[in-house]
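For reference, the structure discussed in these notes is given below.
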Number of protein chains: 2
Amino acid sequence: MDEHRVNVGMVGFGTVGTGVAKLILEKGDLIAAKTGIRLHLSCIVDTDITRPRPVSIPHGVLTRDLNALVKNPDIQIGVELVGGTGAARDVQRKLLESGKDVVTANKALLATHGSELYDLARAKGRCIAFEASCGGGIPIISSIRAGLAANEIQAIFGIVNGTSNFILSSMTAKGLSFPEALALAQKKGYAEADPSLDIGGGDSAHKLAILASIAFGDEILLEDIAVEGIQGISHDDIRYGAEMGYSLKLLAIGQKSGAGKISLRVHPSFIDKESELARVDGPFNAISVFGHAVGQVMFYGRGAGMMPTASAVVADIIDVALGNSAQVFKHMLIRPRAEASGRIEKIDDLVSRFYIRVMAKDEPGVFAALSRILADHRISISGALQHEGTGPDNSVPVVIVTHATGERNMAAALKELSTLSVVSGKPVHIRIVDIPEDRDG
Amino acid sequence: MDEHRVNVGMVGFGTVGTGVAKLILEKGDLIAAKTGIRLHLSCIVDTDITRPRPVSIPHGVLTRDLNALVKNPDIQIGVELVGGTGAARDVQRKLLESGKDVVTANKALLATHGSELYDLARAKGRCIAFEASCGGGIPIISSIRAGLAANEIQAIFGIVNGTSNFILSSMTAKGLSFPEALALAQKKGYAEADPSLDIGGGDSAHKLAILASIAFGDEILLEDIAVEGIQGISHDDIRYGAEMGYSLKLLAIGQKSGAGKISLRVHPSFIDKESELARVDGPFNAISVFGHAVGQVMFYGRGAGMMPTASAVVADIIDVALGNSAQVFKHMLIRPRAEASGRIEKIDDLVSRFYIRVMAKDEPGVFAALSRILADHRISISGALQHEGTGPDNSVPVVIVTHATGERNMAAALKELSTLSVVSGKPVHIRIVDIPEDRDG
C-alpha cells in the first residue's frame, strides 16, 4: 500500500504533547498500515527543552524557536498544545498564516476566539481540527458532524468535566464534603492546584460552546451560556436528592426549546438516578446527543489525561492529512452572530423543576408558611421530605421538589422564603433536569 | 456556500429505505447547509412499487428496473437495502461494476462475502460504506476507523442485537420465561416471525465479523466466530446469577489475548451488574471499545429501526459524497486470510470463569460429589449457592461459580457431572465475562 508522508510540528510539550509524541513515534507503523498516512514529527517547540519526559525524542526535533516550525514549508500540520488564550492564540494565527492546518485541544481558545481563528483559516484555505477539545479521547466532534450529519440535533446533555464529576461522585459514594472531595481529586491528579476553571463550570462552558456551535450551527459565545459551578454543593443535598431518586451531576446542556430557541447552560443538575448519565462515575465523561432521526446516542470515555487526549489529537492529524477535515471544516455551518444571538434563550426564561432546601425551625405551621409562599408564586409542590434536626438552633432541613416553574418565579420565591423568621440561612436551590430518555415503552 | 449535487439511487424500499427517503427528501436543506452536499434521490428500485409508504416520492423515481439505476451514469452512489446474501450480492456487484460507490446496511452480506465485494470495489476504484451495518444509528464504524485510528484496539465488547437484549432485559426485569419474552418482543415489533437469526446469535456474529475486521485489521470469517444463542436460557439462571452479582447479556466479543491471538465469540455472558454494559436495557445497543491509548470508550444508542438506521445510511452517503469514505476505504487494513487465520484463537483454547448449575438430589454428600469432580478437572470453585427445591423429584438447584478454567476442562467436567446419579438433567453452564473496566482507582 502506498504511504503518504506528512510532516507535523507541535507547539507545547507538556502532558498531552508527550502523549502525542509517543503515539507518533511508537505507533507510526500501525497508523501507516491502518490509514496510509506516515506521520513524521518534524519539530516540537517548547520553552522548556531540557526537562526529561517519558518519551525519547530524536536529536534536533526539540527547539525553543517557533520559527523553526512556522518558517518550515515542509511542515503541513501544526499542533497547538500550549493551552490558554494568550500565547496560544498567537501560535495558531502564525501557523495558519504560514499556510499550515491546525490541530488543537485548546477549548478555552476556541470558545473565546474561535470565530476569529476560523475566519483566518478560511481566508488562508486552511482548516482547524479540534476533536481533542471536548471529551478527551471520545470521538464526539466527528460523531456530531459526520456520524449524525443527517440529523437535526435537538439536545446535548454532557458530563464534560472529569474533575467535577470525580468530586461529585466521591461526595455521593463516600459521603465526603466538598473540600474533602476536592482534596482527594487534587491528590489523585484530577484537579489542579487552582481548580476554579473546573469546579466553577468554566471549562464545561468552553466545551459546551464548541459542541453547541457544531450541533446547532450557531456561533455561540461564552456569554450565551449561564454558568454555575459545584463549589457551593453540600453533601446533605446530594443525600436528600438521592432519597428522592436523583443523582447530582454538573451538566453542560444545549437544548432546543419549543419556540426554536436554544437553551445553553452549565449547572449542578439533579437527574433521574436510573438515567444513563447518572451512572457515569469518577473522572469519566459522557455526552448524550439527541437527533431527530437517531434518537439518543451516548458517548462515554475518559475526558482527559495524556493518552486519551493524545488519541484524539493524532486522530485529527490523520484526518487532516487525509483531507477529510478540510472538507468538513469548509462546510461547517456557523450562522453569523447577528442571526444566532436572537436564537439564544436567556436563563431567566428557563422553565424547570427545582429541588429546594431550607433550614427551618422545627415548630408547627412552618411547612404551611413555606408552601404558602410557593403557592403565592404559582409554584406547585410535587414532593417533600423532612429530616431530624441537624442545623444550628435545632433547625431542620425541609426539602421540597417542585413542578416546572420559571426562573423568575423561583428567584422571587426564594427571596421571600429567606426573609421568613423561621428560616435560617439562605435557601438552597438546584435545578432538576429531565433528560428526555429515549426509552423502550 | 457552494453546494455539490450528488445523485443517489436506492435498491430496496422497505423500512430502512423509507427512512432514507424521508431524510433525503425532508431534510435536504439541513444536510446541504451542514455539509455542502445536496442529495438528490434519482431512483428507488423495488419489486413492490405500489404499496403505500409513509413518505411522498416524486413521480418517476420509483421503479422495478434495476437498470434504471445501474445504467444511469449520472448516479454516483448506489444504496443497497435489499438485505440478505442472495439478490443483494448481485445488486452490489452490478452497482460497483457500473462505477458507483456503494452504501449498505447489509451485515449478513458483508460478513459472508465482504472480501469478494471489497476486492471488486478496489478493482473498480470505488468504495463500500457500511456504517449502518452495525449498531444502527451509532457511529461505531467511523469511530473505530477514524476517531480511534491512533489506537491499537485491544478488545470490543458489544451488545449488538437489540432483539436479544430486549428479551434478556424483559426476562430479568419482569421475570418472564424465554417464550413469554420472545412473544413480547414480537408483539412490540422487535422480533421477526422467524427470530432465529437474532436469538441464535447469528446476527451478532455478522456484526462482530465486520467490527473485528476493522478493529483488528484481519479478514474475519463467520466460521472464526464461536456462536451460542439465548434460546436455552432459563429465567432461573438469570435470577441466580443476579443474586451473585451478575447480569446476563448476549455479548459479541473480539479480544486480543496475551499471545497475540484474537478471541471471537458470541454467547450469553454473565457480566458484573455494575458494569456499563450491564445497564443497557431494552432494544438498545452498546459497544465498548478498548484502545491502548484511549482506554475504554463506550457507544450507546438504538441499534435498529427505521430512522436510526437511516441516519447512519445517510451519514455514509454524505461521507462518500465528500470523498472521505474513498480515502478510508482505500487504506482499510485487512490482512490476507493466510496471515489472519493463524491469529484466530479457537474457542476450545478460551480460558474463562463459569457459572454452572446442576439440579441435584437434596441429600448428604451431593455437594462433596460435585466439587470432587470439579477438583478432579482442576477447576476451582469461587462461590456457590443452593436454593430450596424446585425441580423434578425434589431436586434442588446447585449453582457454582468457578475461577478461570479452560473450555476443555469445563466440557469434560460437565460431562462427568451429568453422569452422577444424584444429578437430573443436563448441567447448565454460562461463561462469566470479565470486562476490563477502565475504572478510576
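The values are calculated or read from the model by the stated rules, or taken from the named source; none is laboratory data. Note that the structure is a prediction, hence the values are computed from the model and not measured. Ideal geometry is used to build each Cβ from the backbone, glycine not excepted, and the neighbour counts take in all protein chains shown. Surface areas here come from the heavy atoms of the whole protein model, side chains and all, with no ligands, DNA or RNA. Shrake-Rupley method; radii C 1.70, N 1.55, O 1.52, S 1.80 Å.
Filter region B:24-37 down to residues that are outside any helix (DSSP H, G or I) and either within 7 Å of chain A (Cβ to nearest Cβ) or farther than 19 Å from B:Gly78 by Cα (or both), then give me how many there are. Before the answer, list the steps.
Here is the first cut: in region B:24-37, the residues outside any helix (DSSP H, G or I) are B:27, B:36-37.
Right, trim to either within 7 Å of chain A (Cβ to nearest Cβ) or farther than 19 Å from B:Gly78 by Cα (or both) and you get B:27, B:36.
The number of residues fulfilling the criteria is 2.
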Just one of B:Phe367, B:Phe329 is open to solvent by 10 Å² or more (accessible area, probe 1.4 Å) and among the aromatic types (Phe, Trp, Tyr); which is it? B:Phe367
Selection within region B:121-152 - away from chain A (no Cβ under 14 Å), out of contact with any strand residue (DSSP E or B) (no Cβ under 9 Å at 6 or more places or on another chain) and hydrophobic (A, V, I, L, M, F, W, C): B:Ala123
Among the candidates B:Ser275, B:Ser341, which residue alone is more than 8 Å from every other protein chain (Cβ to nearest Cβ) and either open to solvent by 10 Å² or more (accessible area, probe 1.4 Å) or farther than 25 Å from B:Asp203 by Cα (or both)? B:Ser341
Looking at the structure I just gave you, is A:Ala259 away from chain B (no Cβ under 14 Å), open to solvent by 20 Å² or more (accessible area, probe 1.4 Å) and small (Gly, Ala, Ser)? yes
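Only residues that are open to solvent by less than 30 Å² (accessible area, probe 1.4 Å) and of a type outside the set (A, V, I, L, M): list them for region A:15-41, please. Steps first, answer last, please.
Residues of region A:15-41 open to solvent by less than 30 Å² (accessible area, probe 1.4 Å): A:17-21, A:23-24, A:28, A:31-32, A:35-37, A:39, A:41.
Result: A:Gly17, A:Thr18, A:Gly19, A:Gly28, A:Thr35, A:Gly36.
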For the list (1) within 22 Å of A:Cys134 (Cα to Cα); (2) open to solvent by less than 50 Å² (accessible area, probe 1.4 Å); (3) acidic (Asp, Glu), I need the number of the one condition that A:Asp46 fails. (1)
Which condition does B:Leu109 not pass, out of (1) buried (at least 19 other Cβ atoms within 10 Å of the Cβ); (2) away from chain A (no Cβ under 13 Å); (3) touching a residue at least 40 places away in the same chain (Cβ under 8 Å), if it passes all the others? (3)
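Do we find that A:Leu176 is hydrophobic (A, V, I, L, M, F, W, C), open to solvent by less than 20 Å² (accessible area, probe 1.4 Å) and touching a residue at least 40 places away in the same chain (Cβ under 8 Å) in this structure? Show your work before the answer.
Values: hydrophobic (A, V, I, L, M, F, W, C): yes; open to solvent by less than 20 Å² (accessible area, probe 1.4 Å): no; touching a residue at least 40 places away in the same chain (Cβ under 8 Å): yes.
No.
From the list A:Gly241, A:Gly254, A:Gly245, pick out the single residue that is in contact with a strand residue (DSSP E or B) (Cβ under 8 Å, 6 or more places away or on another chain), more than 12 Å from every other protein chain (Cβ to nearest Cβ) and free of Cβ contacts under 8 Å to residues at least 40 places away in the same chain. Write out each step before concluding.
On the way: A:Gly241 fails: free of Cβ contacts under 8 Å to residues at least 40 places away in the same chain; A:Gly254 fails: free of Cβ contacts under 8 Å to residues at least 40 places away in the same chain.
The unique qualifying residue is A:Gly245.
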Flagged in region A:379-402 as charged (D, E, K, R) and touching a Ser or Thr at 6+ places or on another chain (Cβ under 7 Å), in numbering order, are A:Asp393
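Looking at B:Ser311, B:Ser288, which is the one that is part of a helix (DSSP H, G or I) and of a type in the set (Gly, Ala, Ser)?
That would be B:Ser311, the only listed residue that is part of a helix (DSSP H, G or I) and of a type in the set (Gly, Ala, Ser).
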Only residues that are open to solvent by less than 40 Å² (accessible area, probe 1.4 Å), part of a loop (DSSP other than H, G, I, E, B) and out of contact with any helix residue (DSSP H, G or I) (no Cβ under 8 Å at 6 or more places or on another chain): list them for region B:76-99, please. B:Gly99
Filter result for the condition that a residue is open to solvent by less than 10 Å² (accessible area, probe 1.4 Å), more than 14 Å from B:Ile287 (Cβ to Cβ) and not in a strand (DSSP E or B), over B:Leu117, B:Leu184: B:Leu117
It is to be established whether one or more residues within region B:129-139 are surrounded by fewer than 24 Cβ atoms within 10 Å (Cβ to Cβ) and of a type outside the set (Ser, Thr, Tyr). no
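Go through the residues of region B:232-247 one by one and say whether even a single one is of a type outside the set (D, E, K, R) and part of a strand (DSSP E or B).
Quick first cut of region B:232-247, residues of a type outside the set (D, E, K, R) only: B:232-235, B:238, B:240-242, B:244-247.
This time we only want the ones that are part of a strand (DSSP E or B), so: B:246-247.
Within region B:232-247, one or more residues are of a type outside the set (D, E, K, R) and part of a strand (DSSP E or B).
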Residue hits (region A:208-245; more than 23 Å from A:Asp348 (Cβ to Cβ), open to solvent by less than 10 Å² (accessible area, probe 1.4 Å) and among the charged types (D, E, K, R)) are A:Asp237
Taking region A:395-441 and the residues there that are within 14 Å of chain B (Cβ to nearest Cβ) and over 27 Å from the mean Cα position of the chain (by Cα), the one that is farthest from A:Val289 (Cα to Cα) would be A:Gly441
Out of curiosity, is A:Arg265 in a strand (DSSP E or B), more than 9 Å from every other protein chain (Cβ to nearest Cβ) and over 21 Å from A:Ser115 (Cα atoms)? no
Quick check: anything in region B:38-50 at pLDDT below 95, more than 32 Å from the chain's Cα centre (by Cα) and more than 12 Å from chain A (Cβ to nearest Cβ)? yes
Would you check which residues across region A:328-338 are more than 10 Å from every other protein chain (Cβ to nearest Cβ) and out of contact with any Cys (no Cβ under 8 Å at 6 or more places or on another chain) and list them? A:Ile334, A:Pro336, A:Arg337, A:Ala338
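Regarding B:Ala411, is this residue without any contact (Cβ under 8 Å) to a residue 24 or more places away in the chain and more than 22 Å from B:Ile347 (Cα to Cα)?
Numbers: without any contact (Cβ under 8 Å) to a residue 24 or more places away in the chain: yes; more than 22 Å from B:Ile347 (Cα to Cα): no.
Judged against the criteria, B:Ala411 is not a match.
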Could you grab the pairs with beta carbons closer than 6 Å, sequence gap of 6+ or different chains, first residue in region B:314-327 and more than 7 Å from every other protein chain (Cβ to nearest Cβ), second one assigned to a helix (DSSP H, G or I) and open to solvent by 20 Å² or more (accessible area, probe 1.4 Å)? B:Ser325/B:Asp319
Got a number for residues in region A:292-308 being within 7 Å of another protein chain (Cβ to nearest Cβ), under 24 Å from A:Lys188 (Cα atoms) and either open to solvent by 10 Å² or more (accessible area, probe 1.4 Å) or not hydroxyl-bearing (Ser, Thr, Tyr) (or both)? 4
Check on B:Ser164, more than 13 Å from every other protein chain (Cβ to nearest Cβ), surrounded by 23 or more Cβ atoms within 10 Å (Cβ to Cβ), touching a helix residue (DSSP H, G or I) at 6+ places or on another chain (Cβ under 9 Å) and in a helix (DSSP H, G or I): yes
Helices (runs of 4 or more DSSP H) contained entirely in region A:314-380, each with at least 3 residues that are of a type in the set (S, T, N, Q): A:324-330
Members of region A:226-252 found to be in contact with a Ser or Thr (Cβ under 9 Å, 6 or more places away or on another chain) and closer than 20 Å to A:Thr112 by Cβ, listed by number: A:Ala226, A:Val227, A:Gly229, A:Ala252
In region A:257-268, residues that are without any contact (Cβ under 8 Å) to a residue 40 or more places away in the chain and under 17 Å from the mean Cα position of the chain (by Cα) total 0
